[in-house]
Each structure stands twice: as C-alpha cells, then as structure tokens.
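Q: Here you go, one structure.
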Amino acid sequence: METITIEESSKTPYIFMDPEKGQIEIKGRSIPENSIEFYKPLIEWISEYSEQEMKTTQVKIQLEYFNTSSSKCILDIFKRLEIMYRKGWTIEIFWYYDEDDEDMYESGEDYQSILTCPISLVEIKTI
C-alpha cells in the first residue's frame, strides 16, 4: 500500500495518508468543485487500509473551512474509520479548531454526536 500525499490548493486540503505509520491528516480548506470525486480515492484507500493487520491509526483533521458536500465526504471517512474501530482497531481522531472559530468547534461536536468512535476536540490558540 502506498502513502498518499496531496498538496493543498486554494480549494482542496493537504492530504497525508501513511499506512506504515498509521497516520491520516487532512488540513486546509475543502471546497472542491466535486467533493465526491476528490475524496473517493481517500475513501478507497481507507477501505484497502482496513484490510491490513490491525494497528493504531491516528487521524488529524484541521480544516479552516469546508462546504456541505465536503462534510458528507468527511462523514463517509469517519464512518469507515468507525467500522474499523468496532472491529477492534485503535482509532484516535483529533479535530483541530481555532479558538475563535465556533462553527468549526460545533462541526467537531456534531461528528462526536454521530459517531461512537471517540473524537478529541483540540483548540488551537492564536497568538
């Protein structure tokens, strides 16, 4: 399985997925023209990754903004991770938000209420 790295653009987030280290990172803005098409390879990667030997997987999400279609795709990613969690994988999800970004904090809370897989909300202090 290959590591995926997608550089950030003005409309798409930075993506890093490393199967050896058990790390997934999504960071930046997520307003792609076609969210389903953008996130499809990531969801497929997680499906393939879930067939490997169980290990601890750390997921870091730090979005400054995402549109409605991206939120559905992010939920799809979380649901695949939740299936892994229910099978016994150790899944650590960290949802980062700026201290003054109430919308992003509430989005993290919404995902917490939907999933049984634990999500840690991590405040980022601005200097």
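Please treat every number below as a calculation from the coordinates, not as lab data. On a predicted model such as this, the values are computed, not experimentally measured, just so you know. Neighbour counts are summed over all protein chains in view; Cβ atoms, including those assigned to glycine, are modelled from backbone coordinates with ideal geometry.
Q: Once every DSSP H run of n ≥ 4 in the chain is given -39500 (n - 2.57) and the sum is divided by its residues, what mean residue ellipticity at 222 nm do you get, rounded to the nearest 500 deg cm²/dmol? Kindly include the intermediate steps, with their values, before the conclusion.
A: Numbers: 3 runs with 47 residues, N = 127.
The per-residue figure over the chain is -12000 deg cm²/dmol.
Q: Given the options PRO118, GLY88, ASN34, identify the residue whose Cα lies farthest towards the positive end of the charge dipole of the chain (+1 on Cβ of Lys, Arg; -1 on Cβ of Asp, Glu).
A: GLY88
Q: Based on DSSP, what percent of beta bridges with both residues in the range 4-124 are antiparallel, to the nearest 5?
A: On the way: 8 of 28 bridges.
If we restrict to bridges inside the range 4-124, about 30 percent are antiparallel.
Q: For the range 4-124, what ratio Rg/Rh do Cα atoms give with a Kirkwood hydrodynamic radius? Don't skip to the end; give the middle numbers.
A: Details: Rg = 13.4 Å, Rh = 14.4 Å.
Dividing the radius of gyration by the Kirkwood radius yields 0.93.
Q: Can you tell me the relative contact order of the chain? Whole percent, Cα pairs under 8 Å, sequence separation 6 or more. Display every interim value, and only then the final one.
A: Details: 214 pairs, mean separation 25.8, N = 127.
Once normalised by length, the contact order is 20 percent.
Q: Something else now. Is there a quick way to get the dipole size of the chain? I mean about its Cα centre, with the Cβ of Lys and Arg at +1 and of Asp and Glu at -1; what is the value in debye to the nearest 20?
A: On the way: 13 positive and 26 negative charges, 92 e Å.
It comes to approximately 440 debye.
Q: Any of LYS40/LYS125; LYS11/LYS79; LYS87/LYS125; LYS55/LYS125; LYS11/LYS60 with alpha carbons more than 26 Å apart? Name them for me. Don't skip to the answer; put the middle values down first.
A: Numbers: LYS40/LYS125 32 Å; LYS11/LYS79 24 Å; LYS87/LYS125 35 Å; LYS55/LYS125 31 Å; LYS11/LYS60 19 Å.
Pairs exceeding the cut-off: LYS40/LYS125; LYS87/LYS125; LYS55/LYS125.
Q: Run the simple label-point estimate for LYS125 and LEU75 please: 7 Å along Cα→C-beta, distance reported in nm.
A: Rounded to a tenth, the inter-label distance reads 3.5 nm.
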